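A short write-up of the structure that comes next.
Just so you know, all these numbers are worked out from the coordinates, no wet-lab data involved. Please read these numbers as outputs of a predicted model, since none were measured by experiment. Because the Cβ atoms are built from the backbone with ideal geometry, glycine has one as well, and the counts that use them run over all protein chains shown.
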């Protein structure tokens, strides 16, 4: 499960951040909660993904102050929203194709 | 809560991270925030302080693994630099095309002599004259035919370079998009911005010098083509310089 998750982590991170800007801990907690605990990667792996997506121009980030603590908050850029829409479409096509193969009689 | 386990983990992570000190500080600070949040969540679940820290660190993953994920590999670095170099070549070719458009305006406004003519008294070989007069039968002298040739070739070559540049940039935008990136992100990287500002700035200086010489020493003959290119280079250099300055503020000097 975790190996498959790693291959799709960028899509999932973008999806979580599409709902609202969030910091790294928030992203990993959202991933775990939204998957009912199924996605349980080492929490630190979210940071390389966030940095990679930011370098690619799909995310932007800034320091904010929350309850007196500085936090790095990430948000989708316009390019990130377009990339997410494209990746969602590709994922659905892939799932549909795999489903069709698995559902086919042997 | 001692926090000692987290402190030791952060020391280990910091030693393993490579890159600009500001980026390393940022990563360490974010990881510390994360571990404090996770520890607080453990305390809220009723764990004692040491156990909450231990569980937070176990859930986070090893410092070696996180550092490996955050550090760019040599291959990633080379691929990124190659992409930036090709994108910059595309921008340079588009700039040449734009300089062709500006030169065309100069031809219309200032005349063909100002835009493309050779200095007065330039001597041409018989073979060149024969070739140009053959290409431009309406010309009534070799100098006239040379000017006709310079105008048509000069504009055509610049526009062709611009079209090639657009093709290169479109291809790079497609490849960047396929890799989950944007062309803009590629061209606003610190190295691309600094190289772009330096190269276009140097080009603007050289071209302005050529245009100035044509104005001062050759009564303006042919100054237009150099000044048009200098103007476009100057604007490009300015754009890249603004981006570079923004990026430099995020980096150590």
The relative contact order of chain A, taking Cα pairs under 8 Å that sit 6 or more residues apart, comes to a percentage of 28
Beyond 19 Å, the calculated P(r) of segment B:74-249 holds a percent of Cα-Cα pairs equal to 63
When only Cα pairs under 8 Å and 6 or more residues apart are kept, what is the percent relative contact order across segment B:4-70? 42
Over what distance in Å are the Cα centres of segment A:44-103 and segment B:1-53 separated? 24
Across peptide B:25-34, how many C-beta atoms of other chains are within 10 Å of each residue C-beta, on average? 5
For chain B, what relative contact order do you get, as a whole percent, if you take Cα pairs closer than 8 Å and at least 6 residues apart? 23
Ranked highest first by the average count of other Cβ atoms within 10 Å around their residues, in what order do B:17-29, B:120-132 fall? B:17-29, B:120-132
How far apart, in nanometres, would the label points at residue B:14 and residue B:28 be if each is projected 7 angstrom from Cα along the Cα-to-Cβ direction? 0.2
Which residues in segment B:133-167 place their backbone N less than 12 Å from a point set 7 Å from the Cα of residue B:108 along the Cα-to-Cβ direction? none
Where a ≥ b ≥ c are root eigenvalues of the Cα gyration tensor, a/c under 1.5 meaning rounded, otherwise prolate if a/b exceeds b/c and oblate otherwise, segment B:149-245 counts as oblate
Virtual spin-label span in nm between residue B:41 and residue B:140, 7 Å along Cα→Cβ: 8.8
Rank-order A:12-21, B:220-229 by packing density, defined as the average count of other C-beta atoms within 10 Å over each peptide's residues, highest first. B:220-229, A:12-21
Note: A:14-22 gets an average of partner chain Cβ contacts (10 Å, Cβ to Cβ) equal to 0
Can you pull the Rg over Rh of segment B:4-70, Cα-only, Kirkwood? 1.00
Springs between alpha-carbon pairs under 10 angstrom, Gaussian network model over chain B: which of B:196, B:212, B:61 fluctuates most? B:61
Quick check: pseudo-label points 7 Å beyond the Cα along Cα→Cβ at residue B:184 and residue B:55, how many nm apart are they? 4.3
Which of B:146, B:104, B:52 ends up with the largest GNM mean-square fluctuation for chain B, with Cα atoms connected below 10 Å? B:52
Could you work out the mean count of beta carbons from other protein chains within 10 Å of each residue's beta carbon in B:181-190? 4
